[in-house]
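The values are calculated or read from the model by the stated rules, or taken from the named source; none is laboratory data. These figures come from a predicted structure and were not determined experimentally. For neighbour counting, all protein chains shown are included, and Cβ atoms are generated from backbone atoms with ideal geometry for every residue, glycine included. Remember, those area values only see protein heavy atoms, side chains included, never the ligands or the DNA or RNA. Shrake-Rupley method; radii C 1.70, N 1.55, O 1.52, S 1.80 Å.
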Amino acid sequence: MNVQETAFRVADDRNPGPLLERGPSFQDRTAVVAAAAAAEADEVDLNARFPKAAIEAARERKLLGAQIPVAFGGFGASIHDVTEMCYALGRACASTAMIFAMHQTKVACLVRHGTGSRYHEALMRRVAAEQMLLASSTTEGQNGGNIRSSAAAVERSDAEISLVRSATVISYGAEADGIITIARRAGDAASSDQVLLAVTKDNYTLERIQGWETLGMRGTCSAGFELKIDGPAEMIFPEAYERIHTQTMMPVAHLCWSSAWAGIAAAAVERAQRFIRKAARGAGGQMPPGAAHFTAAKMSLARLRAMIGANLDSYAAREYDDRALSALDFQSSINLLKVEASELAVETAMSAMRACGLSGYRNDGEFSVSRHLRDALSAPLMINNERILANIATATLMSGVPNSLRD
Ligand SMILES: Cc1cc2nc3c(=O)[nH]c(=O)nc-3n(C[C@H](O)[C@H](O)[C@H](O)COP(=O)(O)OP(=O)(O)OC[C@H]3O[C@@H](n4cnc5c(N)ncnc54)[C@H](O)[C@@H]3O)c2cc1C
């Protein structure tokens with residue numbers, strides 16, 4: 001039985017238990033989505049269009065609700081499962097991988113901080129049943145990546161709330177079925193006193209204020225909108241955003257984004273490897289001059305994977321331990337993961353391009369690394385590395401120097 005045929009096998013009464021046990025593995029499901037993503041990657045990039053076929057394939061393979069607990073209709077996928085998916089998709093199409101990574105980060109917040117809230121539990125069931133795609137709105141006005149500060153405030157009237165925010169960047173905003181956004185708790189609250197809201201399409205409108213004509217990540221369609229929300233107050237998560245940010249939003253975003261970027265880097269390395277092999281074969285086994293750049297690309301990819309792996313294990317080990325998640329060392333490490341992974345992804349793609357020379361620099365041909373490099377270049381500025389480094393400078397100073405190599 002092939003992957004397509006088995007993709008929709010569902011649980012039945014005779015064979016109870018987690019749905020996944022009777023369906024294809026995450027790996028098989030992701031392979032189908034990655035194939036769809038790869039098939040449209042060039043066109044998605046060229047026309048800066050949403051990767052419709054890939055996201056539809058993810059929907060059909062029920063991967064958009066993969067993290068939702070089995071009790072709410074999902075597969076209960078772990079952070080390891082989800083980051084593997086991001087990596088596999090990154091190898092096929094960076095925009096698809098980034099859309100998937102952002103969606104999964106929002107779902108992680110819903111799962112981790114929505115359990116126990118009637119509204120959020122109902123939304124979890126809908127994400128699993130309808131395979132809803134959730135977008136993210138944190139960037140506001142000219143505030144850049146200063147995510148821990150909001151301008152727009154929630155206005156309350158009895159059990160109803162409203163919010164109007166200048167959402168300068170919302171990836172796939174026009175295609176999403178729901179948006180997870182931050183806001184000031186109330187008109188008289190400080191800019192850092194934020195709440196998180198999960199809003200479905202029937203409770204918001206988007207008016208386009210800016211397009212998305214960019215160097216890379218073109219298929220994320222990250223246009224700007226005026227976001228207007230009206231609906232029940234229970235759309236607000238019960239916990240303060242500060243806690244959700246530290247425990248889930250930031251760690252999961254950094255792990256998923258880094259995995260997507262590692263996928264882009266791996267795809268670039270793969271092209272460079274094919275180029276060097278072909279060149280060596282053509283020269284009677286003699287290595288071309290660009291071979292050293294290929295070795296450098298492989299080395300930086302290995303560093304990137306090792307760093308993600310270590311942080312993944314570290315996060316998984318403390319995922320349900322509030323104190324351990326808030327610890328200075330962990331917070332510094334998971335923040336630095338984003339900084340280092342984004343730089344390494346660019347470094348790897350650049351080395352791969354130099355290994356291929358003009359064949360890599362070209363926009364066409366089987367060895368082009370142009371798309372990979374352009375996509376990877378978004379990584380250091382997606383929440384700017386300088387901003388992150390400035391923000392964690394004090395915390396880094398306070399945490400001690402390790403006493404051993406492994407602790
Ligand atoms: C592909 C992609 C998809 C995105 N999708 C979304 C989305 O779905 N939703 C969303 O809300 N946002 C999204 N964003 C926006 C992103 O989250 C950041 O808000 C945005 O990239 C930061 O924009 P900026 O560089 O203009 O602003 P800033 O962060 O203000 O940076 C501007 C400049 O100032 C520098 N700088 C900033 N702070 C410091 C500091 N403390 N010290 C020294 N230098 C500093 C930076 O390095 C940079 O050079 C996306 C961005 C990208 C690239």
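Near D375: Cβ cut-off under 10 Å, other residues only, Lys/Arg at +1 and Asp/Glu at -1. The net charge is +2. In the assembled protein chains, H80 presents an accessible area of approximately 70 Å² (probe radius 1.4 Å). Using r as the Cβ-Cβ distance of A317 and E56, and R0 as 56 Å, what FRET efficiency do you calculate, to the nearest 0.05? Calculated transfer efficiency: 0.95. Taking amide H atoms as placed 1.01 Å from N in the peptide plane, the amide H of I209 lies under 5 Å from those of G224, F225, E226, each 5 or more residues away in sequence or on another chain. Could you list the residues of the range 253-278 with an amide nitrogen less than 19 Å from a label point located 7 Å from the Cα of R148 in the Cα-to-C-beta direction? Flagged as within label range: 253-255. When chymotrypsin sites (Phe, Trp or Tyr not before Pro) are flagged only if DSSP places them in a loop and at most 11 other Cβ atoms lie within 10 Å, the longest unflagged stretch of the chain comes out as 9-319. Counting only DSSP H runs of at least 4 residues, each contributing -39500 (n - 2.57), and dividing by the residue count of the chain, the helix-based mean residue ellipticity at 222 nm comes to -16500 deg cm²/dmol.
The relative contact order of the chain comes to 15 percent, based on Cα pairs under 8 Å that sit 6 or more residues apart. Axis of helix 79-92 versus longest Cα principal axis of the chain: the two differ by about 50°, to the nearest ten degrees. Shown for the range 308-379: the carbon plus sulfur share of the solvent-accessible area, taken with all protein chains present and a 1.4 angstrom probe, equals 51%. Restricting the trypsin sites (Lys or Arg not before Pro) of the range 100-208 to loop positions (DSSP other than H, G, I, E, B) with no more than 16 neighbouring Cβ atoms within 10 Å leaves R148.
Charged neighbours of D230, selected by a Cβ distance under 15 Å, balance to -3 (K, R count +1; D, E count -1).
Under the simplified labelling scheme, the E175-T214 pair shows an inter-label distance of 1.4 nm, with each label point 7 Å from Cα along Cα→Cβ. Cβ-Cβ distance of N363 and D188, R₀ of 56 Å, FRET efficiency by 1/(1 + (r/R0)^6): the value works out to about 0.60. Compared with the dominant Cα axis of the chain, that is its longest principal axis, helix 328-356 is turned about 30°. Springs join every pair of Cα atoms under 10 Å in this Gaussian network model of the chain, and among A345, A283, A66 the largest mean-square fluctuation is at A283.
Of the whole protein surface, L389 contributes about 80 Å² of accessible area at a 1.4 Å probe radius. Counting only alpha carbon atoms, the long axis of helix 385-398 and the longest principal axis of the chain meet at about 70°.
On a per residue basis, the range 254-407 carries 52 Å² of accessible surface, using protein heavy atoms and a 1.4 Å probe. Within the listed set K278, K298, K52, the Gaussian network model of the chain (springs between alpha-carbon atoms below 10 Å) gives the highest mean-square fluctuation for K278.
Normalised by the number of residues in the range 61-121, the mean separation of alpha-carbon contacts (under 8 Å, six or more apart) gives a relative contact order of 28 percent. What is the extension gain from A310 to A280, computed as 0.36 nm multiplied by their sequence separation minus the C-alpha to C-alpha distance, in nm to one decimal? Once the chain is fully extended between A310 and A280, it gains 7.3 nm. Counting 0.36 nm for each residue step from E207 to L46 and taking away their Cα separation leaves a gain of 55.5 nm.
For the range 194-340, the relative contact order comes to 24 percent (Cα pairs under 8 Å, sequence separation of at least 6). In this calculation the C-beta distance from L328 to T295 is compared with R0 = 25 Å, giving a FRET efficiency of 0.10. Here's the picture: a label point sits 7 Å out from the Cα of D158 along the beta-carbon direction, and within the range 115-152 the residues with their amide nitrogen under 20 Å of it are 119.
Mind counting lysine pairs for me in the chain? Cα separation below 26 Å, and the two need to be 8 or more apart along the chain or on different chains. Lysine pair count for the chain: 12. About its Cα centre, the dipole of the chain is roughly 1160 debye, where the only charges are +1 on Lys and Arg Cβ and -1 on Asp and Glu Cβ. The GluC sites (Glu not before Pro) of the range 183-234 that DSSP puts in a loop, and whose beta carbon has at most 13 other beta carbons within 10 Å, are E213.
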